[in-house]
Structures are given as C-alpha cells and as structure tokens.
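The values are calculated or read from the model by the stated rules, or taken from the named source; none is laboratory data. All of these numbers come straight from a predicted model, not from anything done at the bench. Methodologically, a virtual Cβ is constructed for each residue, glycine included, from the backbone with ideal geometry; neighbour enumeration extends over all protein chains shown.
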Amino acid sequence: MNKGLLLVRVVVGLLFIGHGLQKTLGWFGGQGLAKWTEDVAKLGLEPASFWAPLEAGAELAGGIMLVLGLFASVGAALIVADMLVAIVKVHAPKGLWSQQGGFEYNLVLIAILVAIGIMGPGLYSLERRLPFALPRPATFIVALVAAVLVSAAGFFL
C-alpha cells in the first residue's frame with residue numbers, strides 16, 4: 001500500500017508542480033503570471049493580481065508537499081480547494097463529462113487528494129521523519145476548511 005501511495009503522491013504532485021510553473025513562470029508551454037492574471041480576472045476573481053499568484057502558488061506548494069510527503073495533508077487540502085474553484089468557475093456549467101469540458105477530471109483528482117489527505121503520505125515520506133505525528137484526519141480537515149474559506153472569499157469580496 002505504501003508504494004502505491006508514493007506513486008500516486010509523486011505523479012499527482014509533479015503534475016500540479018507543472019501547472020504551478022506554467023502559470024507562474026510560463027514553463028512547459030504555460031502562459032506565465034501576467035496572462036494567468038488576465039485569465040483569473042475574466043473569471044471574476046478580483047483583485048486578480050492577488051488571486052492569480054495565490055492559486056498558482058497553491059498548486060506549486062501543494063504539489064511540492066505531495067511529492068516530498070511533507071505536510072502532504074495540507075498540500076492535498078490546498079489543491080482540493082483549488083479544484084473546487086475550478087469546478088465552480090469553469091467546469092460545472094459544462095456538466096460532468098470531460099469531453100464537454102466538464103468537471104469529471106477535477107472530481108477524480110479531488111477523490112485522490114481526499115484519500116491522501118485522510119491517509120497521510122505513508123511510509124515513504126519526509127513527514128515520517130518528523131519527531132511528531134500530524135493528527136489524521138484532523139490536519140486535512142482543518143487545512144481544507146481554511147483553504148475553502150479563503151477560496152470562497154474570492155466569490156464574495
């Protein structure tokens with residue numbers, strides 16, 4: 001089980017690191033922060049100059065936490081909140097199925113991230129080396145509530 005969890009953590013984490021780098025630095029065919037900020041403004045999240053780097057940073061930091069297995073429950077929570085915003089702002093109006101641009105893929109990622117958040121990073125992780133154990137699932141739940149509340153502020157401020 002621990003080897004499987006490591007594989008899932010690293011693959012999902014690396015993909016989100018890639019997304020964060022696309023949005024911040026324009027790497028991997030990405031648009032960079034200036035264009036990403038324009039796109040965030042089009043979604044109605046204002047001030048976009050605040051929300052764009054925060055969102056990209058959540059993907060980047062969350063991905064790093066997953067790959068390293070260090071505070072992975074917090075990283076998973078950051079990315080779940082990010083995916084919820086993507087669903088509400090972009091994908092939900094298009095329905096479930098990804099062929100129509102729906103939220104199917106986001107939902108799969110959320111399920112994976114919730115599982116990691118609840119289980120923790122497993123045996124093969126830096127978190128395992130800490131002199132203390134993070135309480136599970138409490139760490140994930142608290143981080144998720146905080147991340148969702150911050151994300152929700154973008155809809156109401």
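Scanning segment 29-57 for residues that are on the phi < 0 side of the Ramachandran plot and either in a loop (DSSP other than H, G, I, E, B) or in contact with a strand residue (DSSP E or B) (Cβ under 9 Å, 6 or more places away or on another chain) (or both) yields G30, Q31, L43, L45, E46, P47.
Scanning segment 1-26 for residues that are outside any helix (DSSP H, G or I) and either among the acidic types (D, E) or surrounded by 13 or more Cβ atoms within 10 Å (Cβ to Cβ) (or both) yields one hit, G26.
Among the numbered conditions (1) free of Cβ contacts under 8 Å to residues at least 60 places away in the same chain; (2) surrounded by 15 or more Cβ atoms within 10 Å (Cβ to Cβ); (3) among the acidic types (D, E), the only one that E38 does not meet is (2). Checked against (1) under 12 Å from the mean Cα position of the chain (by Cα); (2) crowded, with 19+ Cβ neighbours inside 10 Å, I112 meets all criteria but (2). Between A133, A143, the distinction of being loosely packed, with under 14 Cβ neighbours inside 10 Å and of a type in the set (A, V, I, L, M) belongs to A133 only. The number of residues in segment 129-157 being under 19 Å from L5 (Cβ atoms) and modelled with pLDDT under 95 comes to 3.
The rows are residues; the columns are (1) farther than 14 Å from F71 by Cα; (2) among the small types (G, A, S).
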{"residue": "G117", "(1), (2)": "no, yes"}
{"residue": "S125", "(1), (2)": "no, yes"}
{"residue": "L130", "(1), (2)": "no, no"}
{"residue": "A133", "(1), (2)": "no, yes"}
{"residue": "V142", "(1), (2)": "no, no"}
{"residue": "A146", "(1), (2)": "yes, yes"}
{"residue": "L149", "(1), (2)": "yes, no"}
{"residue": "F156", "(1), (2)": "yes, no"}
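For (1) modelled with pLDDT of 95 or more; (2) in contact with a helix residue (DSSP H, G or I) (Cβ under 8 Å, 6 or more places away or on another chain); (3) under 26 Å from S73 (Cα atoms), each residue gets a yes or a no:
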position	(1), (2), (3)
L6	yes, no, yes
L15	yes, yes, yes
W27	yes, yes, no
E38	yes, yes, no
A41	yes, yes, no
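Pairs meeting the criteria (first residue in segment 3-19 and in contact (Cβ under 8 Å) with a residue 24 or more places away in the chain, second residue small (G, A, S) and surrounded by 14 or more Cβ atoms within 10 Å (Cβ to Cβ), beta carbons under 6 Å, at least 6 apart or on different chains) are L5/G122; G13/G63; F16/G62; F16/G63; I17/G63.
Here L60 passes the criteria (1) touching a residue at least 60 places away in the same chain (Cβ under 8 Å); (2) in a helix (DSSP H, G or I); (3) not charged (D, E, K, R) except the one numbered (1).
Select, from I112, I87, the only residue that is β-branched (V, I, T), closer than 28 Å to F132 by Cα and in a helix (DSSP H, G or I). Walk me through how you get there before you give the answer.
On the way: I87 fails: closer than 28 Å to F132 by Cα.
Checking each option against the conditions leaves just I112.
If the condition is being of a type in the set (D, E, K, R) and over 24 Å from L149 (Cα atoms), then segment 84-101 contributes only K94.
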